[in-house]
Each structure stands twice: as structure tokens, then as C-alpha cells.
1. Normalising by the residue count of the range B:243-291, find the relative contact order in percent from Cα pairs under 8 Å and 6+ residues apart.
2. Less than 14 Å Cβ to Cβ from residue B:197, Lys/Arg counted +1 and Asp/Glu -1: what total charge do the surrounding residues give?
3. Assign one of three labels to the range B:174-292, namely rounded, prolate or oblate, based on the Cα gyration tensor with a ≥ b ≥ c the square roots of its eigenvalues; rounded applies when a/c is under 1.5, prolate when it is not and a/b is larger than b/c, and oblate otherwise.
4. So what is the relative contact order of the range B:108-186, in percent, for Cα pairs below 8 Å that sit 6 or more residues apart?
5. On a 22 Å Cα-Cα criterion, which of the cross-link pairs B:149/B:199; B:199/B:244; B:222/B:244; B:115/B:277 come out too long?
6. Based on the alpha carbons, how large is the Rg to Rh ratio for the range B:237-300 when Rh follows Kirkwood?
7. For peptide A:53-64, what's the mean number of Cβ atoms from other chains within 10 Å of each residue's Cβ?
8. Mind grabbing the base-10 log of I(q)/I(0) for the range B:156-229 at q = 0.15, 0.25 Å⁻¹? Debye formula, identical points on the C-alpha positions, no solvent, two decimal places.
Amino acid sequence: MDGDAHDHDGVMQNGVTQRRERFEAVYRELYAPICGYTLRRVRDPEDAAEAIAETFATLWRRFDRSPQGDELRPWLFGVARRVIANQRRGERRRSALSERLVANFDQAAFDTLGPSDDTSALAHAFAALSDSDRELLSLVAWEGLSREELAAALGTNRAVVRLRLHRARKRLQEALEAVNARPPAQIRLTEGDRA
Amino acid sequence: MSARSLIDSMRSLSPVSDVDAAAAFGAAGREELLEGVARLPFGRAARPRRAARRRRPIVVALAVVVAIATTAATWAVLRAPARETTSVQCLIRGSDAIIPSTSGDPAHDCALDYKREFGTAPPALVAYDNALGGVTVLPQSATPPKGWKPIRSQDIALIELQDSLDDYINGLNSGCLDDTAATALAQAKLSRLGFAGWKVAVRSANGTGLCTSANVVDPATKTVTLIPVAPAGQATTFAKLADKLRPLTKSCVSLPAAAAAVRAAAEGLAYQLDTVKDNSLRCAAIYETVGGTIFLTVRGPRRQ
């Protein structure tokens with residue numbers, strides 16, 4: 001009986017170890033993309049740290065039931081999107097997990113990054129879009145998601161994504177035309193392009 | 001400009017690249033988050049909760065649990081009777097969570113956790129010795145697997161010992177202790193809580209700058225094993241809160257007074273407060289442990 005128990009322990013421990021190893025591999029692959037996704041949308045480092053920590057905590061808890069392979073990355077963007085949306089709805093909290101990131105955050109280095117005062121027509125047009133359109137277009141432009149991945153990230157199907165993307169691009173074009181003194185007749189937003 | 005080049009142009013609006021964003025939190029931040037996340041219990045999608053601390057492990061056979069719920073948690077290793085465990089598995093209406101024990105009444109702890117999680121009262125619950133060295137709580141209406149026996153309580157002294165060791169206020173996490181200091185502290189905790197005949201061992205570790213803060217409490221061998229690990233940051237919110245709470249632990253107050261003082265000290269932070277009435281104590285004891293969030297436990301007499 002004792003031997004059985006020890007065998008069982010070994011099996012379970014192996015399972016836990018393997019789970020940790022699989023998670024760690026995914027974590028190392030997706031840590032930078034999730035940091036990028038989050039810091040492109042959340043400028044406050046503490047809020048960003050909280051969102052990143054919560055996103056990976058969700059992945060850890062759901063790891064055995066989360067999508068695998070190519071579907072995992074967009075799914076995790078979807079998790080991050082919902083976490084950030086909850087923050088914006090006022091559901092802010094400071095967890096001990098995020099402290100680990102906040103304690104190491106390099107504010108000075110971060111402040112020197114990225115275009116902070118982009119005054120281009122495109123920037124103005126993009127800023128004029130709804131949150132929903134901006135998120136959709138930035139998932140394509142910044143995260144490089146395909147239509148299939150967009151569908152996974154947004155929890156919808158490819159047809160809906162195609163329609164929403166078409167409309168978002170159209171609205172961006174209209175906003176750009178409104179911003180530009182000279183309407184850019186050369187801008188053609190076609191559905192043939194990879195999303 | 002084609003749609004493709006429009007998208008290309010939009011890329012220039014990106015405030016920060018993935019690489020720069022990750023670098024902003026440093027390699028240390030990345031590794032510390034990984035360690036923190038991998039210590040969380042798993043099995044349920046829910047808000048962050050206390051990590052499965054280094055408690056005497058338990059095994060639940062996956063197949064048995066699947067017979068009860070659609071998901072199952074994987075616990076660790078069994079050694080001693082279920083009563084001498086310091087965590088409990090709550091399997092209620094498809095929700096599956098392993099939580100640290102608090103009150104010594106597993107069904108009560110699961111009910112409280114369920115209510116916190118879902119905002120509604122759970123059905124009537126029953127705690128079982130799951131025949132694999134652990135305690136599992138099921139709805140009264142569920143039929144337990146063969147061999148499971150109802151269990152009323154867990155060893156409250158062991159639960160308090162674990163809290164006391166993990167504590168950030170006065171326990172092994174209150175500072176970066178070396179092996180000698182940590183051993184003395186653990187022996188003092190064992191003595192204060194009445195654990196006669198127990199010993200403290202230190203697991204050897206390689207590396208410099210380690211803090212002896214991790215521990216394994218094993219009732220079967222009556223041993224507390226201390227483990228040196230890489231230090232956590234000292235400027236964290238939970239370390240600062242521990243600094244604020246430490247003076248409170250020097251005074252002798254009732255449970256309600258201590259709980260009120262803890263709430264005031266932790267105002268503005270995300271935390272979970274558990275109060276446990278224990279009229280055998282003269283003064284309230286306050287413990288701060290950390291997992292997915294800050295967990296504050298106050299044990300003490302209703303009145304002084």
C-alpha cells in the first residue's frame with residue numbers, strides 16, 4: 001500500500017513538473033508580446049503590471065483547458081484585452097503578483113521609448129476612432145494578427161471579423177480624409193489584404 | 001496608400017515594441033512573475049487567490065475527482081492523516097479550488113470562499129477525508145466516491161503554525177533571514193504553539209544572497225524543513241503593509257479591534273481578510289501571507 005502511494009505520488013509530481021515546464025515554455029514565448037500588447041494600451045506602469053500578471057495568472061489556472069498551438073497566442077491577447085477592459089471599468093486592484101513587475105519597472109528607460117507626440121494625420125485619424133475600431137486595427141497593425149487569430153482573440157467568427165475590419169478600415173479612411181486637407185484619393189481599403 | 005500600406009503606416013504609431021516593453025520590467029521582473037504565477041493553485045478560472053503555499057502536500061486522484069466535477073485540481077503528495085493537512089479542495093457546482101485552511105472547519109472555509117468568489121451562498125456542504133491524504137468538500141447532495149469518509153475538522157494548531165511561519169509580519173518572510181536566524185525563529189514558533197518533540201532542519205542550497213524563508217511542515221516526521229530561496233523585493237506593497245502591521249502585533253487587543261486596525265492599515269490595497277474567533281487566546285494574532293493577493297488572518301478572542 002505504501003509502495004502504491006509512493007508510485008502515485010511520483011506520477012502526480014511528474015504531472016505537476018511537466019505542467020510547469022510546458023507553462024514556462026509558453027510564458028517565455030509570450031511574455032514579450034503580452035508586455036507589448038499591454039504597455040501599448042496602458043501607460044500607467046502599475047496598471048500595466050497588474051494586467052500582465054493577471055493575464056499570465058489566468059493562463060496558469062486555465063492552462064489545461066486553454067487553446068494549444070497557434071491558437072494560444074491570440075487567445076491570450078483576448079484574455080489581456082478583457083483584463084484591461086475590467087481595469088477601465090474601475091475594477092482595479094493591486095495584487096502581490098504585479099508587485100514583482102512593478103518593483104523592477106524602469107520608468108526612466110520606458111519614458112524614452114516610442115513616439116509620444118505623433119502629430120501625423122494618421123495618428124489624428126486613428127485617435128478619432130472608437131475604442132472598438134482602434135483595438136481591432138491595432139490588433140492587426142501592432143500585434144500582427146491574421147483574421148483567424150483576430151476571431152480567436154475577440155471570441156467571434158471569421159465572417160464577423162471580416163465585416164468589422166472592413167468597417168473599421170472604412171471609418172479610418174473617412175477620419176483620415178477629414179483630417180487631411182487633401183483627401184488621399186490614393187488610399188484604397190480593399191478586403192483582399194491579409195488582415 | 002493601399003490597405004496593406006495603411007496598416008504598415010499604423011505600425012509606426014505603436015508606442016512601444018514588444019522587446020522594449022518586456023525590457024521595461026527587467027529580466028528580474030520576468031523571472032519573479034513566472035515564479036509567482038507558477039506557485040498559484042490551478043484548476044479554476046477565478047480571481048487571484050492565495051498560492052498553494054509550501055504546505056504538506058496532498059494527492060487527489062484525477063479520475064476520482066473527474067467523477068465528481070468536470071475539472072479537477074492536482075494536489076501534491078500525501079504522508080499523514082487528512083486531518084493534519086492545511087489546505088482543502090472545494091468542489092462545488094463545477095467550481096474547483098484548493099484553498100489554504102483557515103478556521104479548521106473545511107466546509108466553513110469552502111463556503112466562505114465560494115461566497116466571496118460568486119457572491120451567493122453555496123449549497124449545504126460536507127467535508128470528506130478523500131482517502132488519498134487530503135480533504136475535499138462536496139455539496140451535501142453529491143455522492144462521495146467509495147472510501148471517502150466525512151471529516152469535521154482539520155488541526156487548527158497546524159494551520160496556525162503554517163500561517164505563523166509564512167507570515168510577512170513576524171515570520172520567515174519578515175526579512176531576509178539566514179539559516180541560523182530562521183531556525184531559531186521556527187523553533188520559537190513551534191514552542192509558542194505547543195509543538196513538543198518537533199525538529200527544524202535546513203535544506204542545503206547553492207547560491208549567494210539567499211533568504212531562508214520557504215518551509216515544509218511535515219506532521220508525519222514532526223519536522224519543519226527550511227529552504228533557502230532567492231529573496232523577494234523588500235519595497236513591495238506587502239512588505240510595506242507588514243511594516244505597518246508589525247506594531248499592531250505588539251499590543252494586546254480583541255479580535256474585532258485587531259480586525260478593525262488591520263482594515264485601516266490595508267485601506268486602498270487589494271487583500272482578503274479572514275477573522276477566526278479563538279477564545280483560548282488572550283490577545284489577537286495577525287498574520288500576513290501572500291499569494292495571488294495579500295491574505296490577512298486575524299485570530300483572537302471576541303472580547304478581552
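1. Once normalised by length, the contact order is 53 percent.
2. Spelling it out: positives minus negatives among the neighbours equals +1.
3. oblate
4. Computed value for the range B:108-186: 17 percent relative contact order.
5. Beyond 22 Å: B:149/B:199; B:199/B:244; B:222/B:244.
6. 0.94
7. What the average comes to for A:53-64 is 6.
8. So the normalised log intensities are -0.43, -1.17.
We did not get these values from a lab; they are worked out from the coordinates using the rules stated. In this text the structure is predicted, and so the values were computed from the model without any measurement. Don't worry about glycine lacking a Cβ; one is built from the backbone with ideal geometry, like all the others, and counts go over all protein chains shown.
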